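Read through the structure below, which is laid out as structure tokens, and then see the notes.
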Amino acid sequence: MKYTIALCLLAAASLWAHHSVTAVFDTGKQISITGELTEVEWVNPHIFLHMKAKPSTGGEVKAWKIEGGPPAWYRRSNVTKTTFTKRIGQSLTIDGYPAKDASSYQWMLKVTFADGDSMESISAADAAKSK
Amino acid sequence: MNYRILSAMLAMGGLALTAQQAKRPDFSGIWQYSVATAGGGIKQVVGGKALVAVPDQSGRAAAKGGVTGALPSDNAPSYKPELLAKVKEADANQTQADNTFACGKPGVPRLGPPRKIVQSANELLFFYEDMSGDQYRVVPFAAKHREDVDPSFNGDSIARWEGDTLVVEATNFVTDTWFGEYGYIHSDAMKVTERFWKQSENMAYQVIVDDPKMLAKPWVQAARVIRPSDDLLQETPVCVEDDAHRLTNKDHHLQR
């Protein structure tokens, strides 16, 4: 778990294309939310997922908006809009940074789908190590 | 002069020109996506199998170790002293003052090298995939710029050859773009020169920005090396900025 967190933090340090992640999200914390994927916005400069979800720490089910990287980056990392849209209506878990304003808004670091498949952002250095 | 002889001479002249053109480097083709997106890559686990992909962004940055044929470069433009404070202020307020943050067109030269080039004897067609939307430029081999067009984001471009180097010169820009993400404002006098030359199968690309109203000297950017690509162009998803109202500080961002 520690390894995963360290890895995600490293990724976040270099993973943006539009604004600094720290301008919107609290990169000192992580939250995990689980729920139903309801909508995928495959737009620039960041994609958005929408879910009906609740945090792993408890609470009620709410509408969540999750922000990710730019479509061009996903496309060249072998992730497409279809990767997500084919899972609309399914349950998934997203680990990421919470919004500084404490709203139901999250920066996506890792997604775990109901079938056990997953995807997470990793640093270039860690990607090189994995080869 | 005998018409047949004249025709033969013209034909020979045409052949000679064609042969000369044939010697020119051909930049036609698809080139590596060279717009900054994000660092690192993505690890997927699909059916229990781990797959790691990291986008090649080498075309975005200055080539390491220099590039043969490149002009000496500077890390940053040299603004006239009276403009330094204005540039600094623009830089500090980038997320508010830079139109590309809100899906605006970056304009030349922030648009970067073309993703696809179609080269003919008379003109070049440049195609781009940009977060602000798909763009193109039609660049004739011509001696003079057009005088019948309004200022634009990408300017009016003409091309020429300097030996085996393709030189594209653009002028007539709107003034609400920046030529770099660090508050690099410019005037209506900006001229952008892009130099293309072959490095084996790769395309070397170097930009020179001149603005006699604002710069103390032309800014020669470091050369980049753009690799050929089999990544076919795709329509760029629409740009919808939805973060400006959430920003809690003015932290810098990476925006071409």
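Within the stretch A:6-54, the set of residues being modelled with pLDDT under 85, more than 18 Å from A:Lys100 (Cβ to Cβ) and within 13 Å of the chain's Cα centre (by Cα) comprises A:Ala11 only. Look at the stretch A:58-79: where a residue is closer than 23 Å to B:Leu247 by Cα and a partner is at pLDDT below 90 and of a type in the set (Asp, Glu), sitting 6+ places away or on another chain with Cβ atoms under 9 Å, you get A:Lys65/B:Asp242; A:Glu67/B:Asp242; A:Glu67/B:Asp243.
In a residue-by-residue description of the stretch B:190-200, the property of being in contact with a Phe, Trp or Tyr (Cβ under 6 Å, 6 or more places away or on another chain), aliphatic (A, V, I, L, M) and more than 26 Å from A:Pro45 (Cα to Cα) applies to at least one position.
Restricting the stretch B:44-67 to residues that are in contact (Cβ under 8 Å) with a residue 60 or more places away in the chain and of a type outside the set (A, V, I, L, M), the residue that is farthest from A:Tyr74 (Cα to Cα) is B:Gly66. How about the stretch B:155-168: which of its residues are within 15 Å of the chain's Cα centre (by Cα) and in a strand (DSSP E or B)? If the condition is that a residue be within 15 Å of the chain's Cα centre (by Cα) and in a strand (DSSP E or B), then B:Asp156, B:Ser157, B:Ile158, B:Ala159, B:Leu166, B:Val167, B:Val168 are the ones that fit.
Across the stretch A:106-131, what is the total count of residues that are modelled with pLDDT of 95 or more, at the interface with another protein chain (Cβ under 8 Å from one of its Cβ atoms) and under 15 Å from A:Trp73 (Cβ atoms)? Result for the stretch A:106-131: 2. Among the residues that make up the stretch B:177-191, is at least one of them basic (Lys, Arg) and free of Cβ contacts under 8 Å to residues at least 40 places away in the same chain? Looking for residues that are basic (Lys, Arg) and free of Cβ contacts under 8 Å to residues at least 40 places away in the same chain, one finds at least one in the stretch B:177-191, hence yes.
When the stretch A:79-102 is limited to residues that are under 18 Å from A:His46 (Cα atoms) and hydroxyl-bearing (Ser, Thr, Tyr), the one that is nearest to the other protein chains (Cβ to nearest Cβ) turns out to be A:Thr83. Taking helices (runs of 4 or more DSSP H) as the structural unit, those lying wholly within the stretch A:38-131 and holding at least 3 residues that are touching a Gly at 6+ places or on another chain (Cβ under 8 Å) correspond to A:124-129.
Of all residues in the stretch B:164-192, those that are in contact with a helix residue (DSSP H, G or I) (Cβ under 8 Å, 6 or more places away or on another chain) and within 21 Å of B:Pro81 (Cβ to Cβ) total 5.
Among the residues of the stretch B:54-61, is any away from every other protein chain (no Cβ under 14 Å) and surrounded by fewer than 15 Cβ atoms within 10 Å (Cβ to Cβ)? For the stretch B:54-61, residues away from every other protein chain (no Cβ under 14 Å) and surrounded by fewer than 15 Cβ atoms within 10 Å (Cβ to Cβ): absent. Restricting attention to the stretch A:38-60, the residues that are surrounded by fewer than 22 Cβ atoms within 10 Å (Cβ to Cβ) and over 26 Å from B:Cys103 (Cα atoms) total 8.
Determine whether A:Thr93 is closer than 22 Å to B:Gly48 by Cβ, surrounded by fewer than 21 Cβ atoms within 10 Å (Cβ to Cβ), out of contact with any strand residue (DSSP E or B) (no Cβ under 6 Å at 6 or more places or on another chain) and among the β-branched types (Val, Ile, Thr).
No; evaluated as a whole, the condition is false for this residue.
Taking the stretch B:138-162 as the range and being surrounded by 15 or more Cβ atoms within 10 Å (Cβ to Cβ) and closer than 21 Å to B:Asn202 by Cβ as the test, the residues that pass are B:Val139, B:Ala159. Residues of the stretch B:137-155 that are among the aliphatic types (A, V, I, L, M) and more than 19 Å from B:Asp176 (Cα to Cα): B:Val138, B:Val139, B:Ala142, B:Ala143. Picking from residues in the stretch B:210-252 that are in contact (Cβ under 8 Å) with a residue 60 or more places away in the chain and among the basic types (Lys, Arg), the one that is farthest from the other protein chains (Cβ to nearest Cβ) is B:Lys217. Quick check, is B:Arg110 surrounded by 15 or more Cβ atoms within 10 Å (Cβ to Cβ), within 14 Å of another protein chain (Cβ to nearest Cβ) and under 30 Å from B:Leu247 (Cα atoms)? So B:Arg110 passes the test.
The values are calculated or read from the model by the stated rules, or taken from the named source; none is laboratory data. As the structure is a prediction and not an experimental result, all values here were calculated from the model. Note: ideal-geometry Cβ built from the backbone for every residue, glycine included; neighbour counts use all protein chains shown.
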